[in-house]
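Since every read-out is calculated from the coordinates, none of them should be taken as a lab result. Just so you know, these numbers come straight off a predicted model, no measurement behind them. Backbone-built Cβ (ideal geometry, glycine too); neighbour counts: all protein chains shown.
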Amino acid sequence: MSGLESVLVVGTGLIGTSVALALREQGITVYLADRDEGAVRLARELGAGTEWTAGRTVDLAVIAVPPQMVADRLADLQEARVARFYTDVASVKVLPLQQAADLRCDLTTYIAGHPLAGRERSGPAAARADLFLGRPWALCPTEETSPDAVEALLGLIKLCGGEAVRVEASEHDRAVAVVSHAPHVAAAAVAARLAAAPATALGLAGQGVRDVTRIAAGDPGLWTGILSGNALPVADVLEKVAADLAAVAASLRASADPEAMGQVTELLHRGVAGTDRIPGKHGGPARAYATVQVIIGDRPGELARLFQVAEEAGVNIEDVRLEHAPGLPLGAADLSVQPEAVAALSAALRAHGWHLP
């Protein structure tokens, strides 16, 4: 397939609307459909496309609904001959494929897909055209999938700025159980301890607990559907995590015994090893960055001033984290940079009056 000219996005939540916004920036004609009229209206007002009307046909239909609903939407769209090709963006792949086969959908024109991108916020208002830039986008062709359908999805991924990763559906589901689904449950379990925590504990909360619990703010209804659609792989991972935690808890209760604490140390070492395996920028090997900490006022424009100094010094900021000081109008910005850039950035910041602890 030489290229996409028109796309229908079915489901105007975070992912669907982000796909639509990315396509509109590339000049693609985008139509929007959703059972929630308010969501379609908001997505349209954001510039994501125009509302779908029956009878139109497009090159590709992108089904952006929960996993359990993908096959039904696919069957309806194919019956109406809406598009030449069809894909989805659900975070589970085995379930939609099996249900589509059960409904006797045309699997030659359908290719399952999943962009590995998201936010803790949901809905069209949270959508961003750059959400998929540099992010992995799984495509899971089957024996029935036609080459043209594969090319259609590859074209979509390229237009959205994603990085295509071909993977078999069951392997995909096992993988996301490890890197996405189980971590969400683990984050929720930690965050749930905070619901009844005393005010003193919350007053001492720092960046660590914010980092661990950030994703726990996701929509519970949406995540229940995702987890039930990938139930067994997620359960397998959670059982292993639970076993590790139970072993550590037992060791801590026996902390007077040095051998018992060895199990705690062993898990911490495995945690470091796992963290080191997370891919770095652009999917390459993970790289250890150095951190330059700067005290920053809680005022408009402060980050822009900070970045301007870095630009003038010729230093690329790889990542930035902010930690606010409770009760004070300031905080700390942790700037991740290449180790060899620390001296130049630190000198430039001090020269411009910034305070480095």
For Ala304 and Arg270, extending 7 Å from Cα along the Cα-Cβ vector and measuring point to point gives, in nm, a value of 4.9 nm
Compute the length gained on full extension between Thr50 and Leu252: take 0.36 nm times their separation in residues and subtract their Cα-Cα distance, giving the result in nm to one decimal. 66.8 nm
Explain nothing, just compute: Karplus ³J(HN,Hα) = 6.51 cos²θ - 1.76 cosθ + 1.60, θ = phi - 60°, for every residue of the stretch 66-74 in order, whole Hz, x for Gly and Pro. x, x, 5, 9, 4, 4, 4, 5, 4
In deg cm²/dmol, rounded to the nearest 500, the helical mean residue ellipticity at 222 nm of the chain, built from -39500 (n - 2.57) for every DSSP H run of length 4 or more, is -14000 deg cm²/dmol
Residue-wise HN-Hα coupling along the stretch 134-147, computed from phi with Karplus coefficients 6.51, -1.76, 1.60 (Hz; x: Gly, Pro): x, 8, x, 9, 6, 10, 10, x, 10, 4, 7, 4, 6, x
If we count every other residue with Cβ under 14 angstrom of Ala333's Cβ, Lys/Arg +1 and Asp/Glu -1, where does the sum land? -3
Proximal charge balance of Ser146 [Cβ under 12 Å; K/R count +1, D/E count -1]: -4
Listed by chain and number, the residues whose amide H is under 5 Å from that of Ala138, excluding neighbours fewer than 5 places away on the same chain and using placed H, are His114, Leu116, Val165
Charge tally in the Cβ shell below 10 Å around Val10, where Lys, Arg are +1 and Asp, Glu are -1, Val10 excluded: -1
Report, in degrees rounded to the nearest 10, the 0 to 90 angle that the Cα long axis of helix 258-276 makes with the longest principal axis of the chain. 50 degrees
So, with points 7 Å from each Cα along the Cβ direction, the Glu259-Ala80 label distance in nm works out to 6.9 nm
FRET efficiency for Asp334 and Val179, Cβ-Cβ distance as r, R0 = 22 Å, nearest 0.05? 0.35
Descending packing, highest mean Cβ count within 10 Å first, for 148-155, 190-197, 330-337 is 148-155, 330-337, 190-197
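Give me the percent relative contact order of the stretch 172-276, please, defined on Cα pairs under 8 angstrom at least 6 residues apart.
Taking the mean separation of contacting Cα pairs over the length of the stretch 172-276, I get 30 percent.
How much length is gained if the chain between Arg214 and Leu232 is pulled fully straight, taking 0.36 nm per residue apart and subtracting their Cα-Cα distance, in nm to one decimal? Before the final figure, lay out the partial values.
Working: separation 18, 0.36 × 18 = 6.48 nm, distance 2.46 nm.
Working it through step by step, the gained length comes to 4.0 nm.
With an 8 Å cut-off on Cα pairs and a minimum separation of 6 or more residues, tell me the relative contact order of the stretch 290-351 in percent.
Once divided by the residue count of the stretch 290-351, the mean separation gives 45 percent.
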Rank Pro220, Pro96, Pro258 by mean-square fluctuation in a GNM of the chain with C-alpha springs under 10 angstrom and give only the top-ranked residue. Pro258
Could you pull out every residue, at least 5 positions away or on a different chain, whose amide H is within less than 5 Å of the one on Ile296? Hs are placed 1.01 Å off N in the peptide plane, and Pro or chain starts have none. Gly331, Ala332, Ala333
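Suppose R0 equals 41 Å; then what is the FRET efficiency for Arg277 and Arg104 from their Cβ-Cβ distance, rounded to the nearest 0.05? Before the final figure, lay out each step's value.
Values: r = 42 Å, r/R0 = 1.02.
According to the calculation, E is roughly 0.45.
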Angle in degrees between helix 231-253 and the longest Cα principal axis of the chain, rounded to the nearest 10: 10 degrees
Along the Cα→Cβ direction, 7 angstrom out, place labels at Leu356 and Arg128. What is the inter-label distance in nm? 2.8 nm
Sorted by chain and number, the residues with a modelled amide H under 5 Å from that of Ala83, at a separation of 5 or more or across chains, are Val58
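What is the packing order of peptides 82-93, 205-216, 52-63, taking the mean over residues of other C-beta atoms within 10 Å and listing the highest first?
Numbers: 82-93: 25.4, 205-216: 14.5, 52-63: 17.9.
Peptide ranking by packing, descending: 82-93, 52-63, 205-216.
What is the fewest-to-most order of Arg35, Arg44 by other Cβ atoms lying within 10 Å of their Cβ?
Arg35, Arg44
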With everything on Cα atoms, drop me the angle between helix 302-312 and the longest principal axis of the chain, reported from 0 to 90° to the nearest 10. 90 degrees
